[in-house]
Amino acid sequence: MSRRVMALVAAAFVAAVSFGGAAASSSDLYTTVTVTSGTAPERRALGFGNCFRDILVKVSGDQRVLAEPAVAIEAGRAGELISTFAFRDRLSGVPMHDEQGSYDRPHDLTCVFDQAKLDAFLATLGRKPWLERPRLVAMVGIRDMKGAESLLAADAVAPRDQDMRTSLAAAAERQGLELVLPSQAALVAAHADIGKLPKADPVTMSSLARAAGGDMTLVGTLVWNDKALGWVAEWHIAGQPTDWSTSGVGFDDAFRNGLGGAAQVLSGNEARK
């Protein structure tokens with residue numbers, strides 16, 4: 001990539017959007033949120049267990065940790081590892097109707113885990129916290145059900161783009177990853193094209209990442225497939241040998257697959273036997 005093009009890309013990235021987890025903050029890394037049906041003790045216990053599973057993956061970067069038998073046992077006493085928790089009524093301001101009570105009213109349950117206790121449990125599983133995390137730039141190509149091609153941009157205004165950005169941000173937050181999405185101008189300046197993304201030059205992608213203030217580029221394509229009854233998503237990190245994919249899913253699951261795979265690879269857990 002020429003210096004002139006690099007200058008254009010760097011300038012265009014001013015409009016980029018950064019979102020996701022602040023990996024450098026321990027309080028954020030050890031915090032997670034789930035949805036419960038009310039605040040009753042049994043609902044709270046279920047919520048604690050769900051938060052526990054989520055936080056193990058988030059802190060370690062290893063999705064395979066959930067297959068460990070000890071996780072199912074520890075999830076039943078997850079409250080012992082939580083420093084603080086709080087409920088937020090998702091229907092706050094909306095009066096209860098019919099015979100609805102607080103029992104089945106949806107709440108966001110935010111749990112902050114005790115870092116030392118959680119790290120100690122991970123150690124019993126042969127895992128450790130993944131603390132040094134790169135800032136990723138996402139280059140995502142989309143071919144929809146009508147065959148129209150586009151790249152997901154920070155400043156695209158179409159409703160679908162807005163929904164996809166929200167979904168991508170949620171997937172990044174779930175994994176504790178900070179993500180930058182380029183502006184439309186940056187994509188034009190970089191001559192980005194969905195057809196070129198699967199075999200994009202790693203040097204060019206690395207240059208794009210640096211221009212955006214990132215460390216690495218997460219490259220992905222989402223292609224609608226009628227036979228699969230959903231999106232076929234393929235992912236890789238520029239310069240890394242590992243790729244991963246999912247098929248026949250909604251774009252929420254496609255993005256969760258992309259960011260989950262990125263965490264698995266970058267944390268070093270993909271090489272685990």
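What the table shows:
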{"quantity": "Residue in region 156-173 that is part of a strand (DSSP E or B) and under 13 Å from Phe255 (Cβ atoms) present", "calculated": "no"}
{"quantity": "Some residue of region 84-102 being touching a helix residue (DSSP H, G or I) at 6+ places or on another chain (Cβ under 8 Å), at pLDDT 60 or above and in a helix (DSSP H, G or I)", "calculated": "no"}
{"quantity": "Residues that are within 14 Å of Gly176 (Cβ to Cβ), out of contact with any Leu (no Cβ under 8 Å at 6 or more places or on another chain) and of a type in the set (D, E, K, R), drawn from region 28-61", "calculated": "Asp28, Asp54"}
{"quantity": "Selection count, region 225-244, where residues are in a strand (DSSP E or B), under 14 Å from Ala138 (Cα atoms) and open to solvent by less than 70 Å² (accessible area, probe 1.4 Å)", "calculated": "4"}
{"quantity": "Unmet requirement for Leu222, which otherwise passes all of (1) surrounded by 21 or more Cβ atoms within 10 Å (Cβ to Cβ); (2) assigned to a helix (DSSP H, G or I)", "calculated": "(2)"}
{"quantity": "Pairs with Cβ under 6 Å, 6+ apart, first in region 94-118 and open to solvent by less than 100 Å² (accessible area, probe 1.4 Å), second at pLDDT below 60", "calculated": "none"}
{"quantity": "Number of the condition not met by Arg133 [criteria: (1) open to solvent by 10 Å² or more (accessible area, probe 1.4 Å); (2) farther than 21 Å from Trp235 by Cα]", "calculated": "(2)"}
{"quantity": "Region 245-261: number of residues that are of a type in the set (A, V, I, L, M), under 14 Å from Gly61 (Cβ atoms) and surrounded by fewer than 24 Cβ atoms within 10 Å (Cβ to Cβ)", "calculated": "0"}
{"quantity": "Criterion violated by Val33 - all others in (1) modelled with pLDDT under 95; (2) open to solvent by 20 Å² or more (accessible area, probe 1.4 Å); (3) within 13 Å of His107 (Cα to Cα) satisfied", "calculated": "(1)"}
{"quantity": "Residue satisfying condition, being in contact with a helix residue (DSSP H, G or I) (Cβ under 6 Å, 6 or more places away or on another chain) and either crowded, with 18+ Cβ neighbours inside 10 Å or in contact (Cβ under 8 Å) with a residue 12 or more places away in the chain (or both), within set Gln264, Gln184", "calculated": "Gln264"}
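Condition check ((1) at pLDDT 95 or above; (2) within 15 Å of Leu179 (Cβ to Cβ)) across all residues:
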{"site": "Gly213", "(1), (2)": "no, yes"}
{"site": "Thr217", "(1), (2)": "no, yes"}
{"site": "Asp226", "(1), (2)": "yes, no"}
{"site": "Gly230", "(1), (2)": "yes, no"}
{"site": "Gly248", "(1), (2)": "yes, no"}
{"site": "Phe251", "(1), (2)": "yes, no"}
{"site": "Arg256", "(1), (2)": "yes, yes"}
{"site": "Leu259", "(1), (2)": "yes, yes"}
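The values are calculated or read from the model by the stated rules, or taken from the named source; none is laboratory data. If you're wondering where the values come from, they're calculated on a predicted model, not measured in any experiment. With ideal geometry, Cβ positions are generated from the backbone for all residues, glycine too; neighbour counts draw on all protein chains shown. In case anyone asks, the SASA skips ligands and DNA or RNA and just uses the protein heavy atoms, side chains included. Shrake-Rupley method; radii C 1.70, N 1.55, O 1.52, S 1.80 Å.
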